[in-house]
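Undergrad: Before I ask anything, here is the structure I am working with.
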Amino acid sequence: MNESNAPATYQLPEQMSTVSGDIDWLYYFIYWTSVVLFVAIVGAMIYWAIKYRERPGHKPTPTGHNMPLEIAWTVAPIFILVFLFHKGFQGYMDLAVAPANSIEIRVNAKQWSWEFVYPNGGSSPELHVPEGKPVKLVLTSADVLHSFFVPALRVKRDVVPGMFTTVWFQTTHVGHDDIACAEYCGGRSTGANGELPYEPSDDPRNPYPAGQATGHWAMHGMMFSETEEDYAKFLKSIGDKCDQFATTGKPCPADIAAEQGQKIYSNKGCLACHTTTGVPGVGPSWKGIWGKEEATNVGKVKIDENYIRESILDPQAKIVTGFGPVMPTFRGQISDQELNEVIAYIESLK
Amino acid sequence: MANVSESLPEKAGHGEHAHAHPSFLQHHFDTPAQQFNASKLGMWIFIATEILMFGGLFCAYAIWRGLEPDIFDQSHHFLNKIMGATNTVVLLFSSLTAALAVRSSQLGKRDQTSIYLVITILCAVVFLVVKYFEYAHKFHLGLLPGHCFGHPYFSAAIQNGHEVGTCLRIHSDEMPGSPLWVRAIDESGHEQLLPPRANMFFAIYFVMTGLHAVHVVIGMSILTWVLVKNTRGRFSKEYFTPVDLGALYWHLVDLVWIYLFPLLYLVGKPD
Amino acid sequence: MAAVDIPAIGGHEADAHGDGNAPYLTAKRGIMSWVYTVDHKRIGLMYLMMVSIAFLAGGTFALLVRLELFSRGKTIVDAETYNRFFTLHGAIMVFLFIIPSVPAALGNFFLPIMIGAKDVAFPRLNMLSFYLYCIGVVILLASIIGGSVDTGWTFYTPYSVQTANSVISMTFGVFVLGFSSILTGLNFLVTVHTLRAPGVSWTRLPLFVWGMYATALMQVLATPVLAITLLLLGAERFFGIGIFDPKLGGDPVLFQHFFWFYSHPAVYIMIVPGMAINSELIATFSRRSIFGYFAVAMSSIGLAILGFLVWGHHMFVAGMSEFSTMLFSALTMLVAIPSGVKMFNWTATLYKGSIVWASPMLYAMSFIFLFSIGGLTGLFLGTLSVDVHLTDTYFVVAHFHYVMMGGTVMAFLGGLLYWWPKMTGKMHDELKAKIGFVFVFIGFNLTFMSQFIMGSRGMPRRYYDYLPQFEPFHRASTIGSWILAVGLFTTGYTLLEALWKGKRAPRNPWGSAGYEWMTETPVPLANFRQTPVITRGPYDYHLATPEELATGWDEISEKPAAKKTSQATKKD
Ligand code: HEA
Ligand code: HEA
Ligand code: CUA
Ligand SMILES: [Cu+2]
């Protein structure tokens, strides 16, 4: 179903980065070394266990000593081990040092979504990179540990709150692969007040339906390695349209703002918890909430600009009845302009 | 300890009938010497585990000190060197009396042993009282560990425009660092403004000295138990293992403090 | 020592502790005689009961985990519950089952017997450590009532600081269990040092005892660090001291250093006892001394030492410096050497032996089979660039099940079958045991071999849901777990059945030369009718007389002329 994802070999996925070849070579080297050792040890064991099985008339020979043999099998593995260490370290250093001309993309991870921020300031929940160009990701997390993992690239790096980690790679051809979060970061699958049917979809780009699956496993993203033109087109599409209004000092027209707000809805991961269909997810659905009176733990509130702003910057201030205090704060991650765009979007969902 | 075990009565052969066993000898040991050696080895191993446990904290201390030398320097002026030094002397003295207790027990001087034990326990009490005053002063200044750091309930914390109600985790806007700064007079009379991350120093201070204080209490209980047994006449020239082991444990408690005092109270930033 | 000169019957326990020669199971009766017992054998049995229940509980959670993963999406439980299942599975298996399993159950029972002692050095401490274990179990499981824990058995911060409060209960339980483990280790170290019977020199120490000794070293040296880690985690949750919390300026990676500084040695605390049992099984069922006894004994100590130097290999992608990464990878490679020495020596022992295909031996051979897979896949993980791809995938899950389940648990089951007659005085049904084995072996490989493939293809671990391409492998794995369960239940049943249906066990059903078989079945309260004076090694099949193998030692010395003089030569 996901052609380009078909394994390159039985054991390993497709190779899509410049380092994959070396790593796979080493993988198979260890594999075959292990097979040889395994067959030797287990083979000898089975053979002797049968040959010298207990039977009338058969007597065990008392154990002797064989110093050279013992030294041999203590020392011989060292050579293999030194080689493995050396090769492994070499490969690791290749992964560690990014070339100076890398394209730098910032990655914000949070429970439970990825946000990729491109050099032009635009952002998207999917990772697009130009084919054959070195790309450096600078990763940070807003809450707990996550880990950025793309099997076909053979890269993985923990995303640690309070610090920046980096990962770099260079793709070898056009294609795509899954991004997974490989460090456990919690999560659940149902809305706050109870059961939601949980049906994974077969859509490879969105296997865990928004609003239902929120959790570590649902931090699924896509990595696209594309041609230069496609990448340029992509950059343009995420570029900030309201910028042009901001520079002229005019307010951004509501429809454009709402359109931008919708992007933020998917890029910043709101869709993980909020639907726009009226069905509640982990958080309340946004459909038709504008202007409504909402029951919260501190009484009734009217949903307006200020309330939405507060809900986003300080979500724990007022908790909508029936939901848990699980929404993370977006303070520091969302600009005033973006806030306005989200508000415009929610307003447009009347 | 070899001379000690040799001074013990000649071994009673293994499997000898019960009446040949001294009353303190447990059934699965052959000789008092064997029993003594087992107990002693056991205590040493236990002490090794204790040292490793504190070792973890010393590592944490080293790491944090390396990361925040300035904050550690600034904060350590808030510890009262006089009180710390007093406690050091008290503990060293108590170690001496503990050792003397063992000595007099070996010589079979039961009353003398009791006196030394009592002095040791009293020293421990003095130590804890001094510690109490130190802690109370810190609480008063708001120099508390972790997210309670600068808690206004106790202290003159500047709230930096943030409302702080109860002693709950403070959600800060920008990571890292909670938004509370503490202004207070340190032990040498200077007014200092401690940054929020000074909570690290006090966290380590409280965890390390707190765990140590728990050990002081445990040590006191052990010595008290030994004292009771001693006054009941359970020990003799031949059998004084509990006195010996109790004192050994007490030396450990002392030893840990010998490291804590300079590391927390004295070491500043090298200029 | 004057051991052999005294009358055998009515040893010195007579007045204080009842008859030292009465079988330990029936010497005293009634529940209270178990509750207050300080006898290492009874404590061992009680431990055995507890760890078996823990294994059953951990296994139940494992089956639930597997069942949930049978198909994509929700199969039986929701995601939150799933997270709790695998956390409980991991925590129960590690802290309640596998760490105490061999040392506390079989070790407690056999270590004193194997060195000819009457008990461990501190019997009351031993009882305390059992009750601490029980308390730890209760506190740990209390976390289930408090809303359960969903952090994974590694309790990584900052997630563990934020999630449900029952983390405190679970970590405190682990803290208490740690004390129990330390006390057991301490007891064993002192016992081995001070209570060896005359003639049990260090070079005649059974390899099981060597393994227990190395394990005890690790328990004593590593567990305190776990204690302090959990204490800090607790303080973090109560006061937010901020050491591990980036929000307060702390460092979550530091927690990982602390955690693995204990938990890597812990994996050798798990495997070394398994290897220790395996050495016994291989020797007995080859009727031959272990090849390279000295190397095998020393490799246990080697593992105990090296085990402390490699913890960083769990953190290759966690944000350590390149330098530490390099160092830890290099050191990780070294641990393969002592393990390899053991594997080679065991295999060489079979050569020109007389191999008995008894059920314990089947487990011993499957240990070699499975542990070499588990160990060799450890090398994939120790190799830096390959680990980057494999870490936190099912490859790691498969690796550690191959070493823990395929290694330790196989050895544990082998050891149980092997020593069951000595412990209970009853023989089990060999045929049923072998049938059970076949299911276990096939089921196990099916369950975890498929996990290797998913893992290397990129299936991350701790996932409630997964991409469609992994479904066939998960299905195979789940089916395997059922076959495995059938095998384990059969084995468990075989052992229990022996209790009421089994034939009375002879003194030495397997014809072993090991010291523990030289006393009666069931074992007398004082272990031997009189302190044995040992004149040969535990594997000296060529020195042990057939008479000795059949009738042990106490009766030999009751027939004065026969062996007595030769045995009593080693007086001191
Ligand atoms: C019983 C427990 C046990 C044992 C014995 C081992 C043994 C080893 N382990 Fe394993 N390991 C675990 C339990 C265990 N492990 C657990 C529980 C985890 C995961 C924890 C978690 O994250 O939840 C883990 C994870 C783990 C990792 C981290 C993976 C990751 O998260 O990225 C690594 C990396 O280096 C590793 C390596 C090794 C190595 C090199 C050995 C070596 O000791 C193996 C040595 C044995 C052999 C090599 C085979 C026999 C030898 C020969 C046949 C001789 C010939 C050999 C050569 C020529 C080399 N293990
Ligand atoms: C000793 C350790 C041990 C053992 C034996 C097992 C045994 C099993 N484990 Fe476990 N496992 C772990 C330790 C262990 N595991 C750890 C540490 C983790 C990581 C957790 C984490 O990520 O935090 C893990 C994670 C883990 C996962 C990954 C979950 C995930 O990442 O999402 C899976 C999935 O398949 C799994 C499956 C199994 C299965 C099917 C068994 C089967 O082998 C179980 C079979 C057992 C039974 C069916 C019980 C039968 C018992 C009896 C009948 C009692 C009879 C008694 C006697 C004979 C004495 N385990
Ligand atoms: Cu994010 Cu797992
Ligand atoms: Cu490890």
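The values are calculated or read from the model by the stated rules, or taken from the named source; none is laboratory data. Owing to the predicted nature of the structure, the values given are computational and were not obtained by experimental measurement. Note that each Cβ is placed from the backbone with ideal geometry, even for glycine, and that neighbours are counted across all protein chains shown. Only protein heavy atoms, including side chains, enter the accessible area calculation; ligands, DNA and RNA are left aside. Shrake-Rupley method; radii C 1.70, N 1.55, O 1.52, S 1.80 Å.
Undergrad: Tell me what the protein assembly as shown gives for mean residue ellipticity at 222 nm when only DSSP H runs of n ≥ 4 count, each as -39,500 (n - 2.57), the sum divided by the residue total, rounded to 500 deg cm²/dmol.
TA: -18000 deg cm²/dmol
Undergrad: Still on this structure: Ballpark to the nearest 100 Å², how much total accessible area do B and A bury together, probe 1.4 Å?
TA: So the total buried area for this chain pair works out to about 200 Å².
Undergrad: Near the amide H of residue A:104, under 5 Å away, which other amide H atoms are found, from residues 5 or more places off or on another chain, if H is placed in the peptide plane?
TA: A:136
Undergrad: Counting protein heavy atoms only and a 1.4 angstrom probe, how many square angstrom of accessible surface do chains C and A bury in total, to the nearest 100?
TA: About 7600 Å² of accessible surface is lost on pairing.
Undergrad: Follow-up question, since we're still on this one. So if I restrict to the alpha-carbon atoms in region A:256-348, what is the Rg, and what is Dmax, the biggest pairwise distance, in Å?
TA: Reported Rg and Dmax, both Å: 12.1, 34.
Undergrad: Let me ask another. What's the carbon and sulfur percent of the protein assembly as shown's accessible surface, probe 1.4 angstrom, rounded to a whole number?
TA: Answer for the protein assembly as shown: carbon and sulfur cover 65 percent of the accessible area.
Undergrad: What average count of beta carbons from other chains do you get within 10 Å of the Cβ of residues in B:33-41?
TA: 4
Undergrad: Just the projected area, averaged over all directions, of the convex hull on the alpha carbon atoms of chain C: how many nm²?
TA: Projected over every direction and averaged, the Cα hull of chain C covers 25.6 nm².
Undergrad: Still on this structure, please answer the following. What is the diffusion coefficient of the protein assembly as shown in µm²/s, taking the Kirkwood radius over Cα pairs and the Stokes-Einstein relation at 37 °C with a viscosity of 0.692 mPa s?
TA: Translational D for this selection: 100 µm²/s.
Undergrad: Round to a whole angstrom and tell me the spacing of the C-alpha centers of region C:330-396 and region C:84-140.
TA: Computed from Cα coordinates, the inter-centre distance equals 25 Å.
Undergrad: Under a point spin-label approximation (7 Å from Cα along Cα-to-Cβ), what is the residue A:173-residue B:122 distance to one decimal in nm?
TA: Going from the residue A:173 label point to the residue B:122 one covers 8.8 nm.
Undergrad: Taking only the alpha-carbon positions of chain A and ignoring solvent, what does the Debye formula give for the base-10 log of I(q)/I(0) at q = 0.06, 0.07, 0.11, 0.14 Å⁻¹?
TA: So the normalised log intensities are -0.34, -0.43, -0.83, -1.19.
Undergrad: Can you give the % of DSSP beta bridges in the protein assembly as shown that are antiparallel, to the nearest 5?
TA: 75
Undergrad: Measure nothing but the geometry: give the 0 to 90° angle between the long axis through the Cα atoms of C:336-350 and the longest principal axis through the Cα atoms of chain C, rounded to 10°.
TA: Here the helix axis deviates by roughly 40 degrees.
Undergrad: Taking beta carbons within 10 Å but only from partner chains, what does the mean come to for residues A:31-43?
TA: Average per residue, whole number: 4.
Undergrad: If you keep only loop residues by DSSP, which chymotrypsin sites (Phe, Trp or Tyr not before Pro) in region A:124-186 have at most 14 other Cβ atoms within 10 Å of their Cβ?
TA: Those that pass, being in a loop and sparsely packed, are A:164.
Undergrad: Can you give me the accessible area per residue for chain C, using a 1.4 Å probe, in Å²?
TA: For chain C, the per-residue accessible area is 28 Å².
Undergrad: How many partner chain Cβ atoms sit within 10 Å of a residue's Cβ in peptide C:366-373, on average, as a whole number?
TA: So the per-residue partner count for this stretch is 3.
Undergrad: Roughly how tilted is helix A:20-51, in degrees to the nearest 10 and between 0 and 90, from the longest Cα axis of chain A?
TA: So the helix axis and the longest Cα principal axis differ by about 40 degrees.
Undergrad: Could you sort the peptides C:301-311, C:104-114 by per-residue average Cβ neighbour count (10 Å cutoff), highest mean leading?
TA: Averaged packing, sorted descending, gives the order C:104-114, C:301-311.
Undergrad: I would also like to ask the following. What's the ranking of B:204-216, B:225-237 by average number of surrounding C-beta atoms within 10 Å, highest first?
TA: Descending mean neighbour count gives B:204-216, B:225-237.
Undergrad: May I ask you to list the trypsin sites (Lys or Arg not before Pro) in region B:65-111 that are in a DSSP loop and have at most 13 other Cβ atoms within 10 Å of their Cβ?
TA: Hits after loop and neighbour filter: nothing returned.
Undergrad: Using the heavy atoms of the protein chains and a 1.4 angstrom probe, tell me the accessible area per residue for region A:256-348 in square angstrom.
TA: Result: 45 Å² of accessible area for each residue.
Undergrad: On C-alpha positions alone, give me the angle between the axis of helix C:166-194 and the longest principal axis of chain C, in degrees, nearest 10.
TA: 30
Undergrad: A follow-up question, please. Give the residue from C:256, C:320, C:188 lying farthest towards the positive end of the charge dipole for the protein assembly as shown; charges sit on Cβ (+1 for Lys and Arg, -1 for Asp and Glu) and the dipole is referred to the Cα centre.
TA: Of the options given, the answer is C:188.
Undergrad: Using only Cα atoms, locate the centre of region C:469-487 and the centre of region B:21-48, then give the distance between them in Å, rounded to an integer.
TA: 52
Undergrad: For residue A:147, what residues show an amide H to amide H distance below 5 Å, using hydrogens built from the backbone and excluding near sequence neighbours?
TA: Answer set, sorted by chain and number: A:159, A:182, A:183.
Undergrad: Roughly how far apart, in whole Å, are the Cα centres of region B:235-271 and region C:158-221?
TA: Cα centroid to Cα centroid, the span is 25 Å.
Undergrad: Right, something else. Describe numerically, in nm with one decimal, the distance between label points set 7 Å from Cα along Cα→Cβ at residue A:101 and at residue A:25.
TA: 2.4
Undergrad: By per-residue mean of other Cβ atoms within 10 Å, what is the highest-first order of A:38-46, A:269-277, B:67-75?
TA: Highest-to-lowest ranking by the protection proxy: A:269-277, B:67-75, A:38-46.
Undergrad: Per residue in region B:196-224, which ones lose no less than 20 Å² of accessible surface when going from chain alone to all protein chains (1.4 Å probe)?
TA: Correct list: B:197, B:199, B:200, B:203, B:207, B:211.
Undergrad: Next up: Tell me the total accessible area that B and C bury against each other, 1.4 angstrom probe, in square angstrom rounded to 100.
TA: 4000
Undergrad: Hey, can you list the residues from region C:282-322 whose accessible area shrinks by 30 Å² or more with all protein chains present, relative to the chain by itself (probe 1.4 Å, no ligands or nucleic acids)?
TA: The answer is C:287, C:288, C:291, C:317, C:318, C:319, C:322.
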